[in-house]
Every structure is written in C-alpha cells, then in structure tokens.
Amino acid sequence: MNKLKNSLQQLMKPFKNSPSKEELDEEELEKIAQQEQKLFPYETLVAATRDFHLTHKLGEGGFGPVYKGKLIDGREIAVKKLSHSSTQGEKEFKNEAKLLARVQHRNVVNLLGYCVHMEEKLLVYEYVFNESLDKLLFKTNRREELDWKRRYEIIAGIARGLLYLHEDSHNCIIHRDIKASNILLDDKWVPKIADFGMARLFPEDQTHVNTRVAGTNGYMAPEYVMHGHLSVKADVFSFGVLVLELISGQRNSSFDMHTDAQNLLEWAYKLYKKGRSLEIMDPTLASSAATELVAMCIQIGLLCVQGDPQLRPTMHRVVLMLSKKPGHMDEPTRPGLPGTRYRRSRRPSGLSSTVGTSGYRSDQSHTSESTSNTLTTTATTSATTPGVEPDRGKRPMLSEE
Ligand SMILES: Nc1ncnc2c1ncn2[C@@H]1O[C@H](COP(=O)(O)OP(=O)(O)O)[C@@H](O)[C@H]1O
Ligand SMILES: [Mg+2]
C-alpha cells in the first residue's frame, strides 16, 4: 500500500496546487487511482457539463445525447450518455470500455474513460475542436473551409484510422457505422474516427428501441443491409460512400441532382463510365483541386462501393493506393445498392441485379478477413467459430439520418 501511495504521490507532483504528502488522505488516493483506471466519478462529469445542461449538448445519435464539458484540469471532453435500452451489465460494460480506451491512433478519437452511475452508463471522449465532418461538408456556408488539400488529407487519415482498427489494433474492430457525423476534425483538421466499438457495448441491439444502432442509411453495404453479413468489407463500403460525399459535397442519403441516377454512387459510376467522373466534383473545389488526384480518389471510392464485397479492396490496399501513384488500379464494377444483390464479376453483363433476393452465398472467401477474432460484430457473428462465417447473419435494423 505504501508503495502505491508513493507512486501516486509521484504522479501528483506535476499538478499545480497538488496537496502536500500529509494532505493526501486515503480517499484522495483512491480518486487518483480511479482516474488511472479511466473510471470517472459521476460528480466530475456533472460538474464538467453543468449538470448536462442543454446548452452543452453537441448532438444526439442512436446511442444517446453527447455533451461538451470541461474538467477542472482544463481538458475539454465530450460525454456520451448511453441510452437506457442497453441491457449490458455493469461489469461487461466496464470491461468493454476499458478495452476500447486502449485503442489509440492519431486518426481515432481518444476514449478517455467511462462512468457508471446507477442505471446510467457514460463514455468520456476527448473533445475534438472542429466537431463532425457533416457539420461542415453539408452546410453551404461552411463547406468552403474544406478545400481540396484538407479533403484529401481527411480521406487519407480516415483510411489510416480504419486500417488500424481492422488490422493493427489488438483485435480486428469492425466499425459498422462509418459516416460523416462519425468523423471528427481537430484544430489542425486531422480526422478522427468516432464511435468505434459500439456494437461491443450494445451486443443486444436487436432489442434496442432506437433503430439507428445498427448502421445508417446511405452508408451500409448491401450484403449487410439485406443479410446482416458483417465484415471489414462493410466498413470499406461505407468508407467509399464517404469518399464520394467528400468529393461531391452531396449526401448519399438525400441525393437529389435531378439526374437519372437514383443515388450518388450510381451517378458517380455512370459519369465514370463515360470518362466524365470529375463532373461530380463539388464546385467549391474548382480552384483548389488537383484533378488527377480527384479522379484517382473517385476511382478508389467507386472500387470501395462495389456490390461484390470480394471485389472491394481492403483498407490496406486503399492506404497503398492513396499513398503513392498506383501503377495500376482495377476498373470498378457497378456499385452496390441497398435492395439489390450484387452481380458477380464473371457473370455475363446482360444480367440485371435482382431485388430482394436472399441469394447471398456463404462460400465467399471474404470471410477469411472478416468476422474472426473481431471486437465489433453483431450478436450472431460473434457467436461463430473463428474464421467461419454463418450462412445467414442477423438482419440489421435500418435507420434514418
Ligand atoms: N468527441 C467529440 N468531440 C466533438 N464533438 C463530438 C464528439 N463526439 C460527438 N460529437 C458531436 O456530437 C454529435 C452527436 O454524436 P453521436 O451521438 O455520436 O451521434 P451521430 O454520430 O449519429 O451524429 C456528433 O454528430 C458530433 O458532432
Ligand atoms: Mg457518432
């Protein structure tokens, strides 16, 4: 105990106004120890957010409201109050949160810690200065702040963050909800992926009352929407949608360009096939865009949103394509549209997609890099033998933006 006391007192040294040795009583030491374990006392969060005052609210997603706060040491935080519908026990929640707090990368939001107070569960994140990408990209008066260089850096940063989650973190983490509002931008416009690991904290999402939990319309891969097949390639699909949104400044979920295309992906693909892909570019990028790079990013975006998950590149390949001039890039096939079955590339091109079929086969090799040993999977997939994907996954719930 004395050893612990000494080392904690050492830790306290750098803090301003830190109490003298004598003043540190047992209770205070415990408080410090709690911080070390990333467990925040509820009162600290109440004080930091002025009792979760409405003026501190940053937004609200499927998991509950998020509040901005300030700790007494000056650090700014974002506190997410998880909605009550999570039936996960306190112990499991703490275990998962501890695990997620260890996930650290320049392009992933830092989870500082967590808190349990009676029925309430809260997550404490670092506050990210420029908040989420959707608040800029889809606002006509703000999107000019995102010139081409920034957008390119955002694309490359998200790709690196996602690669880390998929391949470099201790376990493979499938994000499941990559979208513009889950990309936060710091004061230097470095993108940070938010809300990773949510499926881990909400393993019982089939009973979740708020249906946003399983993903967001416009970003979900068709095999996931229709059959609940969740793999890293579902994240690759969402990433591709985000790339095309960043280049065009258009939301895929509310696409309305008065064209014959039913969504952003189809529009981009049709223009690409005619050799006119640059026409999707946001007009505000005209003066800053490096057209060769823009064209390359459009092609990468289209490769990521292909209907066949097997044809989509891994994030490793995406990072490679973005980091240097790729000698050769594949030709993208048709984008996957929710409600359509993808067309295998070796099929004759005359065959059209079928709507609402359940013909997704379980013998596809994308399983090798998908659900085994994953941190973030649906309840169904996590119950499977490593490396073996079930025939049918759980049908996820749809959500509205
Ligand atoms: N760490 C953070 N720093 C700054 N803003 C944040 C942070 N986390 C969340 N936000 C803001 O709060 C909003 C609500 O977040 P969330 O509950 O995750 O819902 P969603 O991601 O579906 O919009 C986000 O859109 C974002 O603008
Ligand atoms: Mg979010």
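Summary of computed values
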quantity	calculated
In segment 271-301, residue surrounded by the most Cβ atoms within 10 Å (Cβ to Cβ) [restricted to those that are charged (D, E, K, R), out of contact with any helix residue (DSSP H, G or I) (no Cβ under 7 Å at 6 or more places or on another chain) and at pLDDT 95 or above]	Lys273
Total residues in segment 190-230, condition over 30 Å from Phe129 (Cβ atoms) and modelled with pLDDT of 90 or more	3
Test: residue in segment 169-180 that is outside any loop (DSSP other than H, G, I, E, B) and outside the structural domain of Gly89 (by TED's automatic domain parsing)	yes
Residue in segment 246-263 that is modelled with pLDDT of 95 or more and out of contact with any Leu (no Cβ under 7 Å at 6 or more places or on another chain) present	yes
Every residue from segment 130-153 that is of a type in the set (A, V, I, L, M, F, W, C) and away from ligand 2 (no atom under 16 Å from the Cβ)	Leu146, Trp148
Some residue of segment 128-149 being aromatic (Phe, Trp, Tyr) and under 20 Å from Glu60 (Cα atoms)	yes
Answer residue from segment 25-57, given it is modelled with pLDDT of 95 or more and among the aliphatic types (A, V, I, L, M) and is farthest from the chain's Cα centre (by Cα) among those	Ala47
Condition broken by Gly113, with the remaining ones in (1) more than 16 Å from ligand 2 (Cβ to nearest atom); (2) without any contact (Cβ under 8 Å) to a residue 60 or more places away in the chain; (3) not in a helix (DSSP H, G or I) satisfied	(2)
Subset of segment 105-131 (residues that are more than 18 Å from Leu201 (Cα to Cα) and either more than 9 Å from ligand 1 (Cβ to nearest atom) or not charged (D, E, K, R) (or both))	His105, Arg106, Asn107, Tyr127, Val128, Phe129, Asn130
Qualifying positions in segment 54-101 - outside any strand (DSSP E or B), surrounded by fewer than 16 Cβ atoms within 10 Å (Cβ to Cβ) and within 13 Å of ligand 1 (Cβ to nearest atom)	Arg75
Residue match in segment 228-250 (condition: more than 25 Å from Met321 (Cα to Cα) and out of contact with any Asp or Glu (no Cβ under 9 Å at 6 or more places or on another chain))	yes
Hey, Tyr125 crowded, with 23+ Cβ neighbours inside 10 Å, touching a residue at least 12 places away in the same chain (Cβ under 8 Å) and aromatic (Phe, Trp, Tyr) or not	no
Pairs where the first residue, in segment 53-67, is over 14 Å from Val124 (Cβ atoms) and not assigned by TED's automatic domain parsing to the domain that holds Ser181 and the second is near ligand 2 (Cβ under 8 Å from one of its atoms) and of a type in the set (Ser, Thr, Tyr), C-beta under 8 Å, 6+ apart	Gly59/Ser132; Gly59/Ser181; Gly61/Ser181
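The values are calculated or read from the model by the stated rules, or taken from the named source; none is laboratory data. Owing to the predicted nature of the structure, the values given are computational and were not obtained by experimental measurement. Methodologically, a virtual Cβ is constructed for each residue, glycine included, from the backbone with ideal geometry; neighbour enumeration extends over all protein chains shown.
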